[in-house]
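Below is one structure, written out as structure tokens, with a few remarks after it.
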Amino acid sequence: MREVAVVGVGLTQFGERWDTSFRNLFVEAGAKALEDAGMSGDQIDEMFIGNMSGGRFVLQEHIGALIADHAGLTKNHIPATRVEAACASGGLAFRQAYATVASGMQDIVIAGGVEKMTDVGGSETTDALAGAADREWEGLAGATFPGLYAMIATDYMNRYGLTREQLAMVSVKNHRNGVHNPIAQYRKEITVEDVMRSTLVADPLRLLDCSPVTDGAAAVILCPMEMAREFTDTPVKVLASSQASDTISLHDRRDFSTLDATVAAGRRAFKQASLTPKDIGMVEVHDCFTIAELCAIEDLGFCVKGEAGKLTEDGQTAIGGSIPVNTSGGLKSCGHPVGATGIKQVCEIVSQLRGEAVGRQVDAEIGMTHNVGGTGATVVCNILGV
Amino acid sequence: MSVPRYWRKQQNRYNLKGNRCETCGRYFFPPRAICPECRREGKIVDYEFSGNGTVRTFTVIRTASDDYDIQTPYAIAIIELEEGTCMTAQVICEPDEMYIGMPVKRVFRKVISEGDSGVIVYGTKFVPA
């Protein structure tokens, strides 16, 4: 296996992007990544695109070719592949690109993610997202996607004494970080009271516990470490990239409040990088709902089970704390274009490691990403360092 | 969803017909074609669940997709059946009556109607026992 570096990153503005289309969102992110790497599109050998549901959101499949075409990459007929694992599609694209470069199969590979979620109405979006869980035996019973995470929250609060206010503090912290992220959907601070007063979606989760519906795209460029300095003075090394699976249905899990796929992917990543959670300077975790951030912090090993609410309340997950979590604003404040999120997380860690995260900079040399599909049926973890 | 997709699971949905593995003794609902523990060494046989169970965790759905919107707010739970397997289902009761550990039993109910002239889907829900 060759050592692999990230040499370019590109992000679009996240939000309700009525002004632009699915394909142009990705073209914008890809072009920014190429510009960041000082590279020509002709140098790209292969492309992987994470996309959850072009078929539901914009009635478009065959995403790989569509994106390659409109990015001007069909001129060289490069292989272009769409990968899908619900909200972990972006993470999957990164891991596929990493494996392709590490194995020596290709030299320069783009990993991207894109989702255009606002071209359909809210009810259609809810229904499409329910496809991330088991449609026949969860969805048909009437369980929405927020409803499944709400059942995790009910179980967790009952067992570990987490308070409703501690849950709200996750959103408050992520919004405080998002204020400083220029691409974030909601650059606005909120209070615990705002969360507690927001509409109930699925008890105990309220609207401000939930990540929003977002349009956006993200892209990163990977190449062998030995080539990286041709493109950038600040290459970021991929220290580990891991993936794990679990039962598609929440009801089949050993423990509803522990994502065993997070535990497995986390352990694999730490093993590959020969590191422990203590070595990680900051982490982007998959906070699709507030409860998900708390489970992730624990399941990755940053604290013991049941302690993440207290850790958050004590400010240890804020910038300046012992383990800053979601400096980008997370899915909650930055936005969650489902297929793009896993790549956006990598972009944030790269910005941090290069010292470019203005207003939210953490002084660290190693960062981690954690991207979840469904309620934990797929998890991708990456560790990056300089 | 298409009519055949509802139809082929009718017996499972109406009567809680699942299956079990005779090799390791595990029960499955929803039914599985292969035992995840024993895989090809497993022997899968049909089994009808008693329908008695306990609420392990729950929520009240306030915002749903179009087909379910008319029913909001409604309670959803993960129910541990007395045979030891868990399933997701609606519980028909006042949402604030729900609690973890609540005993429930199965009932046959309408699940959704697809618009004014579409398919009416029936299945299993639960009520307090």
Spin-label pair A:T191/A:A65, simplified geometry with 7 Å Cα→Cβ offset, distance in nm: 5.6
Applying 1/(1 + (r/R0)^6) with R0 = 60 Å to the Cβ-Cβ distance of B:I120 and A:R267, what FRET efficiency is obtained, to the nearest 0.05? 0.80
Only bridges whose two residues both fall in chain A count here: according to DSSP, what percent of them are antiparallel, nearest 5? 70
Expected unfolding gain across A:M227-A:D314 under the 0.36 nm per residue rule, minus the alpha-carbon gap, is 27.0 nm
Between rounded, prolate and oblate, where does region A:229-386 land on the alpha carbon gyration tensor, with a ≥ b ≥ c its root eigenvalues, rounded for a/c under 1.5, else prolate if a/b exceeds b/c? prolate
Using a cut-off of 23 Å between alpha-carbon atoms, which lysines can reach A:K75, once sequence neighbours fewer than 8 places away in the same chain are excluded? A:K32
With label points built 7 Å along Cα→Cβ from the Cα atoms of A:E3 and B:C24, find their separation and express it in nm. 4.3
Can you tell me what the convex hull of the Cα atoms of region A:282-343 projects to on average, as an area in nm²? 3.9
Straight-line reach from A:K305: which lysines have Cα under 23 Å away, leaving out those fewer than 8 places along the same chain? A:K173, A:K271, A:K278, A:K332
For q values of 0.11, 0.16, 0.21 Å⁻¹, compute log₁₀ I(q)/I(0) with the Debye formula on a Cα-only model of chain B, without solvent. -0.43, -0.86, -1.22
Share antiparallel - DSSP beta bridges, region A:279-386, percent rounded to 5: 65
How would A:H175, A:H70 line up from fewest to most surrounding beta-carbon atoms within 10 angstrom? A:H70, A:H175
Once you put a point 7 Å from the Cα of A:A31 and another 7 Å from the Cα of B:Q71, both along the Cβ direction, what distance in nm separates them? 4.8
If exposed means trypsin sites (Lys or Arg not before Pro) lying in a DSSP loop and surrounded by at most 13 other beta carbons within 10 Å, then the longest stretch of chain B lacking such sites spans residues B:44-129
Using the 10 angstrom Cβ neighbour count as an exposure proxy, how do A:S211, A:S53 rank, fewest first? A:S53, A:S211
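Suppose R0 equals 56 Å; then what is the FRET efficiency for A:K75 and B:A129 from their Cβ-Cβ distance, rounded to the nearest 0.05?
Values: r = 67 Å, r/R0 = 1.19.
The computed FRET efficiency comes out at 0.25.
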Region A:323-386 versus region A:59-103: alpha-carbon centroid distance in Å: 20
Give the Cα extents of the protein assembly as shown along the principal axes, in whole Å, largest first. 69, 50, 48
Under 27 Å from the Cα of B:K105, which lysines turn up, not counting those fewer than eight places away in the same chain? B:K9, B:K17, B:K125
Relative contact order of chain B, pairs being alpha-carbon contacts under 8 Å that are 6 or more residues apart, as %: 22
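With 10 angstrom as the radius, rank B:I120, B:I44 by how many other C-beta atoms surround their C-beta, starting from the fewest.
B:I120, B:I44
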Around B:V127, under 11 Å between beta carbons, what's the net of Lys plus Arg minus Asp minus Glu among the other residues? +3
Signed unit charges on C-beta, dipole axis of chain B, positive-most listed residue B:Q90, B:S117, B:C24: B:C24
Starting from the Cα of A:K278, move 7 Å in the Cα-to-Cβ direction to define the label point; list residues of region A:337-381 whose amide nitrogen is under 19 Å from there. A:364-368
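Read-outs throughout are calculated quantities, based only on the coordinates presented, and are distinct from any laboratory measurement. Treat the numbers as computed from the prediction; the structure is a model and nothing was measured. We place every Cβ from the backbone using ideal geometry, glycine too, and count neighbours over all the protein chains shown.
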